[in-house]
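Down below is the structure, laid out as C-alpha cells.
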Amino acid sequence: MTGKREKMQLWGISIDRVNRREAMAVFHQLMDEPGCSMIVTPNSEIVMAASKDEEMKALLDEADLTIPDGIGLVYASKILKQPLTERVTGIDLADAALAALAKEGKSVYFLGSKPDGGEGMSVAQMAARRKEAEYEGLVVSGTHDGYFSPEEEERIVREINDSGASLLLVALGSPKQEKFIRRHRGELNVKVAMGVGGSLDVWAGTLKRAPEFYRKHGLEWLYRLIQEPSRYKRMAVLPLFMIKVIVTKGRKKNGN
Ligand code: UDP
C-alpha cells in the first residue's frame, strides 16, 4: 500500500525499520489512503507465536505498518546485523496519533479493556475522559468494553462506523485485537485500526506504566512482571526467543 520502506526480516516476518518520527509520518500517509489500514506492534512474544501460527503470520504480512514494540526485537536486529534504530512502542505511537487527531479535528473510537474502570465508567470511557482533557479538541466518538460475544461483533462494528471515527484503537490483548481488526477490516469505515494492548488501562490510570528508569534500560518487561506476576508464563518465551535468534545467526554464518 505505502511506498517502499526498509524492513528487518525475522523468520519470514517483516518489521519496519522506522523510528518514532518515521512511524508517525507513515500514520499520516495511511490516514489519507483508501480503505482501513492496519498498524501492528509486535514484540518478541508475538514474533515467536507467529512463527507457529499461520493466522498471526498472515496478519503481520497484511499490516500496513509493523513497528518494533519490544526491546527483544531491537537486540535481535543488532545480533542479526539488520539494526533497528529504536523501539517504537504502540502506546507512544497511539498517543502521538491522538495528539495529531486533536489538531485535525478527527475522532477516535476506543474498543476494549474492562467494563469497570471506576466512577461507574468502563476503562475505555475513563481513558477517553482523560485523553480528551489532555488533548484539547480531541473527540473520542465512542467506546465499548472488550468483553463481548462473537454475536455482538457486527453490532459493535456498526457502532464504530456510525461514530464517524477515523482511528480505531483496539485493546483486547494480542493476538485477539489484531485478529478482530483483520476479521472486520473490510467492513470498517475507519482509516486506521491498531491494537494497543494495555494502553487504555494506562490512560485510564488503572495500570501504571514503567517509570523512566525501566524504560531507558529496556526493562519495561521486568516492571510489568513485578506488577502482574501472572505474566511470567508468557515471559518465559523471551529467553527462547533470544536462543532462536542466536541459532539463526549461527546458521546464517555457516550459510545454512
Ligand atoms: N482484554 C479485553 N478483552 C479480552 C481480553 C483482554 O478487553 O477478552 C483487555 C484487558 O482488559 C486489557 C487488555 O485487553 O485491558 C490486555 O492487555 P495486555 O496487557 O494483556 O495486552 P498485551 O500485553 O497482550 O498486548
*Any idea which residue in segment 121-172 is nearest to the ligand (Cβ to nearest atom), counting only those that are more than 25 Å from G105 (Cα to Cα) and in contact with a Gly (Cβ under 6 Å, 6 or more places away or on another chain)?*
G146
_Considering residues of segment 225-238 that are within 15 Å of S44 (Cα to Cα) and either at pLDDT 85 or above or open to solvent by less than 80 Å² (accessible area, probe 1.4 Å) (or both) only, the residue nearest to the ligand (Cβ to nearest atom)_ = R231
*Output the residue which, of all residues in segment 94-120 that are open to solvent by 20 Å² or more (accessible area, probe 1.4 Å) and within 16 Å of the ligand (Cβ to nearest atom), is nearest to M38 (Cα to Cα).*
D95
*If the Cβ limit is 8 Å and pairs must be 6+ apart or interchain, which residue in segment 104-123 that is more than 20 Å from M194 (Cβ to Cβ) and of a type outside the set (G, A, S) pairs with which residue that is assigned to a loop (DSSP other than H, G, I, E, B) and at pLDDT 95 or above?*
P115/S122; P115/D145; P115/Y147; D116/S122
*For segment 173-217, enumerate the residues that are open to solvent by 40 Å² or more (accessible area, probe 1.4 Å), within 8 Å of the ligand (Cβ to nearest atom) and charged (D, E, K, R).*
K176
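Which ones in segment 154-172 are outside any loop (DSSP other than H, G, I, E, B), open to solvent by 20 Å² or more (accessible area, probe 1.4 Å) and not small (G, A, S)?
E154, R155, R158, E159, N161, D162
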*Working carefully through the options I15, I46, find the one that is assigned to a helix (DSSP H, G or I), in contact with a strand residue (DSSP E or B) (Cβ under 9 Å, 6 or more places away or on another chain) and under 23 Å from K244 (Cβ atoms).*
I46
*Could you grab the pairs with beta carbons closer than 7 Å, sequence gap of 6+ or different chains, first residue in segment 147-167 and within 11 Å of F180 (Cβ to Cβ), second one assigned to a helix (DSSP H, G or I) and of a type in the set (A, V, I, L, M, F, W, C)?*
F148/I156
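The values are calculated or read from the model by the stated rules, or taken from the named source; none is laboratory data. Every value quoted in this text rests on a predicted model; they were computed, and no experiment measured them. With ideal geometry, Cβ positions are generated from the backbone for all residues, glycine too; neighbour counts draw on all protein chains shown. Surface areas here come from the heavy atoms of the whole protein model, side chains and all, with no ligands, DNA or RNA. Shrake-Rupley method; radii C 1.70, N 1.55, O 1.52, S 1.80 Å.
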